[in-house]
1. Is there any pair linking a residue in region 91-117 that is at positive phi and in a helix (DSSP H, G or I) to one that is modelled with pLDDT of 75 or more and loosely packed, with under 10 Cβ neighbours inside 10 Å, with Cβ under 6 Å and at least six apart or on different chains, and which?
2. Do the conditions hold for residue 57, that is, is it in a strand (DSSP E or B) and touching a residue at least 24 places away in the same chain (Cβ under 8 Å)?
3. Taking the condition of being closer than 21 Å to residue 91 by Cα and surrounded by 12 or more Cβ atoms within 10 Å (Cβ to Cβ), how many residues in region 12-24 meet it?
4. Can you tell me which residue within region 25-39, out of those that are part of a helix (DSSP H, G or I) and within 13 Å of the chain's Cα centre (by Cα), is surrounded by the fewest Cβ atoms within 10 Å (Cβ to Cβ)?
5. Filter region 45-61 for residues that are exposed (fewer than 10 other Cβ atoms within 10 Å of the Cβ) and under 18 Å from residue 21 (Cβ atoms) and give the result.
6. Does residue 18 meet the test of being without any contact (Cβ under 8 Å) to a residue 40 or more places away in the chain and either part of a helix (DSSP H, G or I) or more than 17 Å from the chain's Cα centre (by Cα) (or both)?
7. So which residues in region 41-54 are without any contact (Cβ under 8 Å) to a residue 24 or more places away in the chain and either part of a strand (DSSP E or B) or within 15 Å of the chain's Cα centre (by Cα) (or both)?
8. Take the residues of region 68-89 that are assigned to a strand (DSSP E or B) and touching a helix residue (DSSP H, G or I) at 6+ places or on another chain (Cβ under 6 Å): which is farthest from residue 4 (Cα to Cα)?
């Protein structure tokens with residue numbers, strides 16, 4: 001299985017509950033394809049550089065997951081027909097990028113633990 005970084009821009013007209021439901025559908029799709037979601041990071045609503053499907057803002061979501069390469073085509077097809085998704089990009093991470101990501105997460109964990117104390 002390969003590790004992928006996926007940024008999805010959801011329709012900003014979605015309520016928080018609808019956005020959470022859309023994210024859950026995406027996570028279930030990945031799991032259904034034999035993948036495993038490693039990280040979900042919601043960046044929030046931001047202004048788009050240009051209008052997409054008559055929308056000026058979008059809800060940005062970062063997903064990092066492991067999945068077989070064959071499932072990427074099915075994930076892309078789902079994004080194309082899912083109305084909540086305005087735009088997406090999927091990037092296969094290299095071994096160095098995965099290593100850097102693990103180091104970054106390990107460095108941020110002690111900082112989070114200190115802030116909780």
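The values are calculated or read from the model by the stated rules, or taken from the named source; none is laboratory data. Quantities reported herein were computed from a predicted structural model and do not represent experimental measurements. When we count neighbours, we look across all protein chains shown, and the Cβ atoms used for this are built from the backbone with ideal geometry, even at glycine.
1. Close Cβ pairs satisfying both conditions: none exist.
2. Yes: the conditions hold for residue 57.
3. Result for region 12-24: 2.
4. Applying the filter and picking the extreme gives 28.
5. Answer for region 45-61, where residues must be exposed (fewer than 10 other Cβ atoms within 10 Å of the Cβ) and under 18 Å from residue 21 (Cβ atoms): there is none.
6. Criteria not met by residue 18.
7. 41, 42, 43, 44, 46, 47, 49, 50, 51
8. Filtering region 68-89 for residues that are assigned to a strand (DSSP E or B) and touching a helix residue (DSSP H, G or I) at 6+ places or on another chain (Cβ under 6 Å), the one farthest from residue 4 (Cα to Cα) comes out as 85.
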